[in-house]
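> Starting off with a structure, shown below.
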Amino acid sequence: MGEGAGAERPDFWSIFRMPSPLEWRLARRYLRSRRTSSAASLNTVISTGGVAVGVMALIVVLGVMNGLRNDLRERILVANPHLRVLTFGAGLRMDDWRNALKIIRRQPGVVAAAPEVISQAGITAGQDYGEGVNLVGFDPDTGAHSVTSLPQSIQQGDLSFRTTKPNVDGGILLGARLANRLSVYPGDVVTLVPVTQAKVNPALGVAVPRFWRFEVTGLFDTGMFQYDNQFVVVKRELAQKFTGLGDAVSGIAVRVNDPDLAPQIGEEIEHQLGYPYRSLDWQTQNASLFSALQLEKLAMGLIIFFIMVVAAFNIVGTLTMVVADKTREIGILRAMGLTSPAVARVFLLQGAVIGGVGTAVGLATGLAVSYVVDKSGWIRINPAVYFIDHLPVHIEAQDVMVVVVASLAIAVLATIYPSRAAAGLTPVDAIRHE
């Protein structure tokens with residue numbers, strides 16, 4: 001083999017061919033330490049560790065962002081339906097709701113639907129302290145399934161609203177945090193004042209609100225701070241009287257078989273019902289929240305991705321040092337007939353092994369850390385800000401595949417420069433180097 005031919009760089013794609021057993025043995029040898037043939041060199045360990053840390057961090061971060069998104073969606077849908085059918089107008093009043101309910105229940109994709117009343121009120125437990133709450137008129141007649149998972153979130157009592165106290169207007173369910181703040185328990189009586197019903201007293205000439213007395217018949221804990229802190233639930237018929245709607249309702253709550261298809265099903269319902277009906281899906285109601293989470297996931301993933309890029313520079317540095325250290329051996333191998341592509345594949349294999357082992361270790365560690373963090377719930381967060389009280393982690397196969405492929409690709413690409421540099425050495429270069 002002539003010197004002029006040996007000095008040529010190998011073709012780019014020729015170094016990606018299947019390596020021979022000799023090339024595998026050489027790659028394993030260069031990965032090991034000089035002193036102990038069975039142990040990996042320090043540079044190899046550092047490079048592998050850098051890849052592992054990058055993969056682990058990226059998997060955990062993406063899992064956290066997915067967990068926040070999924071947990072928030074589940075908590076939001078505990079008390080909120082997938083879809084609400086409302087009417088236009090400031091009164092938020094639906095009179096012909098029975099016919100609309102029949103049409104909605106026949107709509108493909110709808111699994112449950114029920115009328116509901118939504119309003120606000122002031123609440124007090126008899127002390128000097130009072131505050132505003134969101135009142136929901138619940139209807140148990142929802143069809144084959146419940147519209148929301150609120151029935152499964154009840155800690156004490158049930159949705160029968162059975163009262164035991166005399167001189168009360170009905171039963172009421174309170175969120176656990178609200179009940180704790182008001183220091184009330186099942187069996188206690190609370191007073192609600194509607195914001196819409198205030199009659200003018202003929203003697204005084206001013207509007208005097210009516211005070212409604214409700215017996216607390218149960219508590220619910222959805223795990224969603226906003227609901228547990230601010231929502232109360234009563235019977236739909238009682239809520240109609242409380243708000244002055246009479247036989248009308250505020251809207252119809254709808255549950256669909258696939259929450260992600262709620263916008264499309266809502267459009268079909270609007271088309272079937274016509275004006276003045278309109279639909280409001282859960283994604284539209286919380287669009288800003290989920291858009292912010294998606295942006296955070298992208299930003300955090302990009303930031304952590306640079307750890308893997310740093311690990312790639314470690315691989316480049318490690319292989320460059322190996323090439324400089326093994327210049328004499330490379331010259332001897334070239335003189336014995338080892339081709340330039342074969343030399344390049346030796347170092348390409350080293351980078352691939354470092355990337356593969358680092359990715360595998362990072363993947364296993366990332367999955368283990370994610371599982372422990374998710375199941376233990378020991379990382380607490382402020383529920384008043386994030387709506388949930390602990391850090392959830394949810395690993396998605398698509399994210400794992402992207403991380404693994406990206407890590408392996410970066411590790412292989414990082415070997416191209418030192419591999420081609422090693423392949424360009426000739427026996428004459430090695431003699432001059434020595």
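> Quick check: is even one residue across the range 49-59 modelled with pLDDT of 90 or more and touching a Lys or Arg at 6+ places or on another chain (Cβ under 8 Å)?
No, every residue in the range 49-59 fails to be modelled with pLDDT of 90 or more and touching a Lys or Arg at 6+ places or on another chain (Cβ under 8 Å).
> Let me ask another. Report yes if ALA144 is open to solvent by 80 Å² or more (accessible area, probe 1.4 Å), of a type in the set (Gly, Ala, Ser), at pLDDT below 90 and within 29 Å of VAL256 (Cβ to Cβ), otherwise no. Give the steps one after another, and end with the answer.
Numbers: open to solvent by 80 Å² or more (accessible area, probe 1.4 Å): yes; of a type in the set (Gly, Ala, Ser): yes; at pLDDT below 90: yes; within 29 Å of VAL256 (Cβ to Cβ): yes.
Yes; evaluated as a whole, the condition is true for this residue.
> Does the range 158-196 hold any residues that are modelled with pLDDT under 85 and buried (at least 17 other Cβ atoms within 10 Å of the Cβ), and which are they?
Correct list: LEU159 only.
> Return yes or no: is ARG69 of a type in the set (D, E, K, R), in contact (Cβ under 8 Å) with a residue 60 or more places away in the chain and either under 30 Å from VAL309 (Cα atoms) or open to solvent by less than 10 Å² (accessible area, probe 1.4 Å) (or both)?
yes
> Report every pair of residues separated by at least 6 positions or lying on different chains whose Cβ atoms are under 6 Å apart, first residue within the range 242-259 and farther than 14 Å from ARG98 by Cα and open to solvent by 10 Å² or more (accessible area, probe 1.4 Å), second part of a loop (DSSP other than H, G, I, E, B) and among the aliphatic types (A, V, I, L, M).
ARG255/VAL147
> Identify all residues within the range 160-178 that are in contact (Cβ under 8 Å) with a residue 60 or more places away in the chain, among the small types (Gly, Ala, Ser) and farther than 14 Å from VAL117 by Cβ; write none if there are none.
GLY171
> Within the range 302-333, which residues are in contact with an Asp or Glu (Cβ under 9 Å, 6 or more places away or on another chain), of a type outside the set (A, V, I, L, M, F, W, C) and either under 12 Å from GLY54 (Cβ atoms) or open to solvent by less than 20 Å² (accessible area, probe 1.4 Å) (or both)?
THR327, GLY331
> In the list VAL78, VAL64, VAL45, VAL55, which residue meets the criterion of being assigned to a helix (DSSP H, G or I) and either aromatic (Phe, Trp, Tyr) or open to solvent by 40 Å² or more (accessible area, probe 1.4 Å) (or both)?
Matching residue, one of VAL78, VAL64, VAL45, VAL55: VAL45.
> Out of the range 265-276, which residues are open to solvent by 40 Å² or more (accessible area, probe 1.4 Å) and out of contact with any helix residue (DSSP H, G or I) (no Cβ under 6 Å at 6 or more places or on another chain)?
Within the range 265-276, GLU267, GLU268, GLU270, HIS271, TYR275, PRO276 meet the criteria.
> For the subset of the range 171-194 comprising residues that are under 14 Å from GLN127 (Cβ atoms), part of a strand (DSSP E or B) and of a type in the set (A, V, I, L, M, F, W, C), which member is nearest to the chain's Cα centre (by Cα)?
VAL190
> If you don't mind, another one. Among (1) in contact with a Ser or Thr (Cβ under 9 Å, 6 or more places away or on another chain); (2) surrounded by 15 or more Cβ atoms within 10 Å (Cβ to Cβ), there is one condition GLY109 misses while meeting the rest; what is its number?
Condition (1) is where GLY109 drops out.
> Run ILE395 past the list (1) closer than 26 Å to SER41 by Cβ; (2) β-branched (Val, Ile, Thr); (3) open to solvent by 30 Å² or more (accessible area, probe 1.4 Å) and report the number of the one that doesn't hold.
(1)
> Among the strands (runs of 3 or more DSSP E) contained in the range 89-159, which hold 2 or more residues that are β-branched (Val, Ile, Thr) and touching a residue at least 12 places away in the same chain (Cβ under 8 Å)?
110-124, 130-138
A quick yes/no check of all residues on (1) among the acidic types (Asp, Glu); (2) over 30 Å from MET56 (Cβ atoms):
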{"residue": "THR284", "(1), (2)": "no, yes"}
{"residue": "LEU298", "(1), (2)": "no, no"}
{"residue": "GLY301", "(1), (2)": "no, no"}
{"residue": "VAL310", "(1), (2)": "no, no"}
{"residue": "THR318", "(1), (2)": "no, no"}
{"residue": "GLU329", "(1), (2)": "yes, yes"}
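> When the range 126-141 is examined, which residues are found to be open to solvent by less than 20 Å² (accessible area, probe 1.4 Å) and among the aliphatic types (A, V, I, L, M)?
Residues of the range 126-141 open to solvent by less than 20 Å² (accessible area, probe 1.4 Å): 133, 135, 137, 139.
Selection gives VAL133, LEU135.
> Output yes when any residue across the range 21-36 is within 40 Å of the chain's Cα centre (by Cα) and at pLDDT below 80, and no when none is.
yes
The values are calculated or read from the model by the stated rules, or taken from the named source; none is laboratory data. Just so it is clear, the model here is predicted, and its values are computed rather than measured. Please note: Cβ atoms are built from the backbone with ideal geometry, for glycine as well, and neighbour counts cover all protein chains shown. When the accessible area is computed, the model is the full protein with side chains, heavy atoms only, and any ligands, DNA or RNA have been set aside. Shrake-Rupley method; radii C 1.70, N 1.55, O 1.52, S 1.80 Å.
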